[in-house]
Amino acid sequence: MFVRNCWYVAAWGSEIGRLALLRRILLGEPVVLYRRTDGRVVGLEDRCCHRHAPLSAGRVRGDNVECGYHGFTYDPSGRCIRIPAQETIPPNARVRSYPVVERHRLAWIWMGEPGAADESLIEDFHWLDDPAWRFQGERLSLEGNYLLLVENLCDLTHLPFVHSSSLGGTAITPENGQSRREGNAVTVERWAENVPAPSYFRAIAGFSREARVDRWMHLVFTPPAFVRLDIGAAEAGSGARKGDRSRAVTTRNLNAITPETERRSHYFWAQAQNFGLDDPSIAELDFRMTHGAFLEDMKMIAGQQANLDLAPDAPRVNIATDSAGVQARRVVEALIAAEQAGKPQRLSPLPLTP
Amino acid sequence: MFVRNCWYVAAWGSEIGRLALLRRILLGEPVVLYRRTDGRVVGLEDRCCHRHAPLSAGRVRGDNVECGYHGFTYDPSGRCIRIPAQETIPPNARVRSYPVVERHRLAWIWMGEPGAADESLIEDFHWLDDPAWRFQGERLSLEGNYLLLVENLCDLTHLPFVHSSSLGGTAITPENGQSRREGNAVTVERWAENVPAPSYFRAIAGFSREARVDRWMHLVFTPPAFVRLDIGAAEAGSGARKGDRSRAVTTRNLNAITPETERRSHYFWAQAQNFGLDDPSIAELDFRMTHGAFLEDMKMIAGQQANLDLAPDAPRVNIATDSAGVQARRVVEALIAAEQAGKPQRLSPLPLTP
Amino acid sequence: MFVRNCWYVAAWGSEIGRLALLRRILLGEPVVLYRRTDGRVVGLEDRCCHRHAPLSAGRVRGDNVECGYHGFTYDPSGRCIRIPAQETIPPNARVRSYPVVERHRLAWIWMGEPGAADESLIEDFHWLDDPAWRFQGERLSLEGNYLLLVENLCDLTHLPFVHSSSLGGTAITPENGQSRREGNAVTVERWAENVPAPSYFRAIAGFSREARVDRWMHLVFTPPAFVRLDIGAAEAGSGARKGDRSRAVTTRNLNAITPETERRSHYFWAQAQNFGLDDPSIAELDFRMTHGAFLEDMKMIAGQQANLDLAPDAPRVNIATDSAGVQARRVVEALIAAEQAGKPQRLSPLPLTP
C-alpha cells in the first residue's frame, strides 16, 4: 500500500516527448505520459477502458491520445471523445486522468483524489531550474522497496561501509539527537567544525589538502519519499554556522523516489552546485562521484530486498542513528493508515536551505 | 477455467512425428503427442503415473510410449502395459488418454470426458486438405488469454489502427446489427458493394487499380475458440451477393486458438485461396501479409495481458461493434458454467461458406 | 517444510574461503559461510538484524563478520559485538548462528535447535579424507525437490532407461525384498554372482571382457537426504559375498542433498575408489562417467518438477522396486511431522561398508 494523496515524480520532463508515449508503472498502476500541443504534460491511466490495451501503444492526436487498438480517443481529462466505430460515446467511456504538473524539470503526478491536487503542495526542487545553480541528474531503476532507499538516504553511518572506496571519507560523524520531526517532515542538521576539507570538496571545490573547514550536511525528508540535502563547507571560522556563507561552497543532493511496485522503485535524483557554473566539469565530477556511490547503495538495497522476499516479516533492530529513517517510515505508515481510514492528510512541503 | 468437453487443436499434423515425442501444455495440462505405426496420432497425459516424469522425455515403442525414467510403457489408451521392474501391473497404473483425431492437417484433441468425444463435432477446416484450395499456415505462441484473440478476430474495427501500415485499408466499414448468435455460434455478415478493389485483392488477385468490386467478409465464431472468415471480392454487379461467385475471388482466413494457460495460448491459423493454385507466390503473399498483421495483433494482445496482470478485474466498456466478440465471450462463459454445474453442453460445428 | 534438527551439507570445504563470504540459501533461509582465523567454518544468518542487508555483502574481520551496510559486527556466535554508530549494543542485536562442523572435506550445518547439535550425529563420509581412498566430487544445482533425487538414487531400475548410453549396462537386476528399514535408515543389499564384468568395472578396474565376477551394490539412505553406495566386483567365487574382498575392487558413490527451497536443491556428491591410487586417471574416469549420468538424472528430475509445478498433488503409483525410495520419503515425512508436533527425533548416522 502506498500514500496516494500526494505528489510523486513520474518522470524527468526530458523523458516525456510530444508524440512519443511513455508508459510507466507507478504505485502498481499503468500510467501513460505525453505532452499537449502547448507542451503541458498529460498523465492518463495506460489502459483503454474498452479492451485494456495500453494507450502507450497508440498515437498522440493533438492534445489527445488515440488508442492503437480501436482508436478510442481520450482528451487530457481522460474523457473518451471519439469512438471511430460508433457515434455515441458511453458516459462511462473514460480513463483515469492524473493531475500532472511540470516543475523544476520534473513531471509531478498526483495519484490520489484529483480534486485534492494542489500545486502548492509540490515539493521544492527549484535548484533544477534556477540560473544560479547547475545540476546533473538521472533516473535509476531500483530493485527494492522505496522506503529502503529513504532509510539509506536519511543515514550517514553507512558511508564508510558501503562507500569505503568512494564517498567513505566524506561523512560527518553522526551525533545523536539532531534528527527532528516537524509535522510530517523529518530534518537532520549535521555540523563539523574546524576539520580538514574532505576529498569530496577538495575534488569539486578546490580546497587545498591543508585547508580546514566548517562543514555541514542538512537533510530534509518529506513524505512520501523526498530526501534533499544541503551539503557544504566553508573556510573554518568564517561564520557559516551563524549563517554567513560568503566563504562557503555548497551542493544540493536531491532525491525523489516513486514506488513502481512494493518491490521496485523509480529513483530520480540530481546533484546541484551554485559555484563553478562556468566549468561544466564540476557538475560532471560531482554527478559521477555520487552516481558511483548510488550504484553501491542500490546493490546493497537489492540484497536487502532479496532477504525481504525470503522473509518479509523478519524483525529489525533499530539504533539511535536510525532515528531519521525510522521517523520517516513512521510518517509514511501513518499517512497510509489515515488514507485507509478515509482521512487522507494534507502534506505540506518543507523548504530546505534555498 | 476452460471449456473441456470440446475439440481443440493440439498441433498441426506436421508437428507430430512418428518417433519424436511432442510435449505441449494444453488447458494447463501436460500432453504428449506422437504417432502409432499406422500414423494415427496419440495424445496422452505427459506425466508418468509412477513418478510424474514427462513421457515426452521417453521413447516411442511401436504404438506405445515408454517412459524414459523407469520404462513404464503405455498403450494409446493410456493403460500401462509394461513395468520392466516387475511382472504385475497395478490396475491404477495408467495415464489419461485424450481422444485425438487428425483431420484437415490438424490434430484435434478432446480435453473433456472421453466418452463424449464425437468426431462429428470437429469444426470444419476442410480448406486445408481440399485439392481445390491452396493454403499456408503456422502456429504462433501468444502471450495472452485466448479470448483476447477471439475478440480481436471477431472485430474489424481495429484494422485501421493496429494495421495502419499493413491491412489497414482492407476493412469493410462495420455496420451494426450484422452479428448474429446461432446457438453457440456467432456469425457476422459484412458486405460492401461497388467499391474500389482494396490493395489486398489487387495484390493477390490482380484486380486493377480502377476496378470496382462487391466485397464481403463473413465470419463464424464457434466455441471455444474458432474463428473462420470467408473473404472475397467480385466484379461489381456480377451477382456475388445473390450467390453467383463466378466472377469472384475468395480466401479463407482460418483460426483455431487453444489455451496453454489462462495467460498464454497456442495460435493455429492458415490462409487459403481457391484461385491461382498453379502460382505458389499467391499463397505465399497472402500468408505473409496476414502473418505480418497477426504479429501486430499479438503485440497488442500482449499489452492487454500485461494490464490484466496488473488489474485482472478492471471494468470494460463495450460498444456496438464489440457485439460479436462479447457474444463469443458469453458463449464460452456459459459453456464453462454449464460444465461446472455438471451439465456440459454438446457443441455443434457450424459451417462457413464452403 | 523440512527436517531441521539434523546435519545437512552446506558446502564443500573448498567452497568456503577465509575472507570471501559465501551466501547460500538453505531450507529457504539465507546463510553466510566463512572461516575464522583458525580455519574453522562459521555459519550465520545472512541477514543483518539491523536492516536485513546480506552479511555476505560485507567483510570478514578477524573471526567476525562486519555488515557491509553499517558495520554491525557479529562474532561467530551471532552476537553483535560492534555497532560503529553507537556505543551500546541492544541485547537483541544478533543473528542466528548455525552450528557448522567441517568434516570429511564437507561443511556440515545444523539448521535446527542449536543446543541439540551433536557432532556424533554427522553422517559418515570418511572416504573423502581417508588416505586409503581417492575421490573426486562436485556440487550441482538441481532444479527439483530434494526427495526426487533421493528416490532417484535409491533406485536402480532407471539405469537402463535414463542412462541407456552411459551406465545403462551397469545395473544389477533388482530383486525385491532387499530394501530394509533400520530405524530411520533404509538399506538395500544387491548381489549378482558369477556374471560378466560390466563395462563400468572393465573401464576403471581393468577386468577383461571375458572375466566373470561377483558384483554388489549396497545402498544406505539416511535422512534427511544422504545416499551412499558401496559398489564392487570381485573375481567370481573369490568369496566376496562372504566378506573376502581380497580379489575385489570397490568404489563408493556418496551423495548429500540439501534443499535450497521446496523446488531447488544443492547436490553434493563424490565418487571414491580404494584402488589405483597412483593413477589419477581412474578417479577422473569414474567421476566423469558418473557426472555424465547424473546430468541425465537431473534433466529427468527437472521434468518431474515441471509437472509437479503444474499439478503438485497428482497421485503416484508405487511399485515393488520403489520400496527403498518410498520408505525414505516416509522417514522424512515422519521426521517432519514429529518436529511439527514439537518432538524432534534424534537422527543417528548409519555406517556403510567402510
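The values are calculated or read from the model by the stated rules, or taken from the named source; none is laboratory data. It should be emphasised that the depicted structure is a prediction, and the values quoted were computed from it without experimental measurement. Quick reminder, even Gly has a Cβ in these numbers, built from the backbone with ideal geometry, and neighbours come from all protein chains shown. What goes into the accessible areas is simple: the full protein's heavy atoms, side chains included, and nothing from ligands, DNA or RNA. Shrake-Rupley method; radii C 1.70, N 1.55, O 1.52, S 1.80 Å.
Key figures for this structure:
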read-out	value
Check on residue A:177, on the phi > 0 side of the Ramachandran plot and modelled with pLDDT of 90 or more	no
Considering residues of segment A:320-354 that are in a helix (DSSP H, G or I) and of a type in the set (Val, Ile, Thr) only, the residue nearest to the chain's Cα centre (by Cα)	A:332
Matching residues in segment B:48-66 - criterion: being part of a loop (DSSP other than H, G, I, E, B) and either over 18 Å from residue C:296 (Cα atoms) or over 30 Å from the mean Cα position of the chain (by Cα) (or both)	B:49, B:50, B:51, B:62, B:63
Pick from segment C:37-47, criterion more than 8 Å from every other protein chain (Cβ to nearest Cβ) and in a loop (DSSP other than H, G, I, E, B), ranking: most open to solvent (accessible area, probe 1.4 Å)	C:40
Count of residues meeting criterion [more than 9 Å from chain C (Cβ to nearest Cβ), in contact with a strand residue (DSSP E or B) (Cβ under 7 Å, 6 or more places away or on another chain) and surrounded by fewer than 22 Cβ atoms within 10 Å (Cβ to Cβ)] in segment B:49-63	2
The lone exception for residue A:224 - which of (1) surrounded by 15 or more Cβ atoms within 10 Å (Cβ to Cβ); (2) modelled with pLDDT under 90; (3) in a loop (DSSP other than H, G, I, E, B) it fails	(2)
Checklist (1) crowded, with 19+ Cβ neighbours inside 10 Å; (2) in a helix (DSSP H, G or I); (3) more than 12 Å from every other protein chain (Cβ to nearest Cβ) applied to residue B:8, failing item	(2)
Count of residues meeting criterion [among the charged types (D, E, K, R), more than 7 Å from every other protein chain (Cβ to nearest Cβ) and without any contact (Cβ under 8 Å) to a residue 40 or more places away in the chain] in segment C:299-326	2
Checklist (1) crowded, with 21+ Cβ neighbours inside 10 Å; (2) within 14 Å of chain A (Cβ to nearest Cβ); (3) in contact (Cβ under 8 Å) with a residue 12 or more places away in the chain; (4) not aliphatic (A, V, I, L, M) applied to residue B:271, failing item	(2)
Subset of segment B:249-282 that is farther than 13 Å from residue B:138 by Cα and of a type in the set (A, V, I, L, M, F, W, C) - its residue that is modelled with the highest pLDDT	B:249
Hey, residue C:350 more than 14 Å from every other protein chain (Cβ to nearest Cβ), of a type outside the set (Ser, Thr, Tyr), surrounded by 14 or more Cβ atoms within 10 Å (Cβ to Cβ) and touching a residue at least 12 places away in the same chain (Cβ under 8 Å) or not	yes
Of the criteria (1) touching a residue at least 12 places away in the same chain (Cβ under 8 Å); (2) open to solvent by 10 Å² or more (accessible area, probe 1.4 Å); (3) more than 28 Å from residue C:251 (Cβ to Cβ); (4) not acidic (Asp, Glu), which one residue C:342 fails	(1)
Residue in segment B:283-295 that is buried (at least 16 other Cβ atoms within 10 Å of the Cβ), in contact with a Lys or Arg (Cβ under 6 Å, 6 or more places away or on another chain), under 20 Å from residue A:71 (Cα atoms) and within 14 Å of another protein chain (Cβ to nearest Cβ) present	no
Spans of strands (runs of 3 or more DSSP E) in segment C:78-160 with at least 1 residues among the aliphatic types (A, V, I, L, M) and either in contact (Cβ under 8 Å) with a residue 40 or more places away in the chain or surrounded by 19 or more Cβ atoms within 10 Å (Cβ to Cβ) (or both)	C:100-103, C:106-110, C:134-142
Identity of the residue in segment C:180-203, hydrophobic (A, V, I, L, M, F, W, C) and either touching a strand residue (DSSP E or B) at 6+ places or on another chain (Cβ under 7 Å) or on the phi > 0 side of the Ramachandran plot (or both), that ends up surrounded by the most Cβ atoms within 10 Å (Cβ to Cβ)	C:186
Selection within segment A:23-45 - in contact with a strand residue (DSSP E or B) (Cβ under 6 Å, 6 or more places away or on another chain) and over 20 Å from residue A:114 (Cβ atoms)	A:23
Breaking point among (1) part of a loop (DSSP other than H, G, I, E, B); (2) within 11 Å of residue B:307 (Cβ to Cβ); (3) at the interface with chain B (Cβ under 7 Å from one of its Cβ atoms), for residue A:69	(2)
Of all residues making up segment C:65-89, the number that are over 16 Å from residue C:52 (Cα atoms), out of contact with any helix residue (DSSP H, G or I) (no Cβ under 8 Å at 6 or more places or on another chain) and of a type outside the set (Asp, Glu)	6
Of all residues making up segment C:208-237, the number that are free of Cβ contacts under 8 Å to residues at least 40 places away in the same chain and farther than 18 Å from residue C:190 by Cβ	5
Some residue of segment A:248-263 being of a type in the set (Val, Ile, Thr), more than 14 Å from chain C (Cβ to nearest Cβ) and open to solvent by 20 Å² or more (accessible area, probe 1.4 Å)	yes
Per-region count, segment A:137-167, residues of a type in the set (Gly, Ala, Ser), more than 19 Å from residue A:271 (Cα to Cα) and at pLDDT below 90	2
Exclusive hit being of a type outside the set (Lys, Arg), crowded, with 20+ Cβ neighbours inside 10 Å and away from chain B (no Cβ under 14 Å), set A:33, A:19, A:26	A:33
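A quick yes/no check of all residues on (1) closer than 20 Å to residue A:199 by Cα; (2) of a type in the set (Lys, Arg); (3) over 15 Å from the mean Cα position of the chain (by Cα):
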| position | (1), (2), (3) |
| --- | --- |
| A:250 | yes, no, yes |
| A:262 | no, no, yes |
| A:272 | yes, no, no |
| A:287 | yes, no, yes |
| A:293 | yes, no, yes |
| A:298 | no, no, no |
| A:312 | no, no, yes |
| A:318 | no, no, yes |
